[in-house]
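As structure tokens, the structure follows; a few thoughts come after it.
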Amino acid sequence: MARKKGDEEMDVMTEEDNSSEPRVYELAFHLDPELSESDAKKAYDALKEVVTSKGALVAEGEPEKIQLAYTVSRSENAGRRDFDSSYFSWIAYETDGEGHEAVAEAARNEKRIFRFLDIRTTKDSAKHSAEMRELREKAPEKPPEEAVSDTELNAAIEEATV
């Protein structure tokens, strides 16, 4: 069953999700970029607390300010609001259907989240995501590319065509 909030689909649940058998889920979400870093962390911690009260934490990615690939618009009381960046975070957790619904409901009700996705996954996939994030954080930054003037570029093109 799909649940809608405003005109955006917030999550999709299947009948299987009401199972009493524990499953692994990954909740990925975007927090309002206008929050301070500490407020974004507080929102993340509040959601993490719901997760740990309803199941077991498998892996996590704390809030990180990112530029979005495209603008996300959201209807709010005062009209529409556009987001070009966010604090992105994710939490992988293991719980039963009732716990999963409680976590999804907490994400739906968190006003500082403007977009989220909650999917079924595996422990291995979740742990791999955490490992990849650690590697990305440890990787050296790319050196800035040297700027080439139009004159140099034109001369190089002219030389290549001769």
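Any read-out appearing in this document is the output of simple, stated calculations on the displayed coordinates, not a laboratory observation. For clarity, every value in this text was computed on a predicted model and none was experimentally measured. Positions of Cβ are generated from backbone atoms using ideal geometry, with glycine treated the same way; all protein chains shown enter the neighbour counts.
Numbers below:
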| quantity | calculated |
| --- | --- |
| Residue order, fewest to most beta carbons within 10 Å, for Ile157, Ile119 | Ile157, Ile119 |
| 37 °C / 0.692 mPa s Stokes-Einstein diffusion coefficient of the stretch 15-94, Kirkwood radius on C-alpha pairs, µm²/s | 232 µm²/s |
| Length-normalised contact order of the chain in % [C-alpha pairs under 8 Å, at least 6 apart] | 32 percent |
| Calculated FRET value between Thr161 and Ser85, using beta carbons and R₀ = 41 Å, to 0.05 | 0.45 |
| Amide H contacts of Ser85 (H built 1.01 Å from N, under 5 Å, at least 5 apart or other chain) | Leu68 |
| The stretch 99-154: trypsin sites (Lys or Arg not before Pro) falling in loop per DSSP and having at most 13 other Cβ within 10 Å | Lys111 |
| Convex hull per residue volume in Å³, alpha carbons only, for the stretch 56-162 | 196 Å³ |
| FRET efficiency for Asn109 and Leu57, using Cβ-Cβ distance with R0 set to 22 Å, rounded to 0.05 | 0.60 |
| Over the chain: helical MRE at 222 nm, DSSP H runs n ≥ 4 each giving -39500 (n - 2.57), nearest 500 | -12000 deg cm²/dmol |
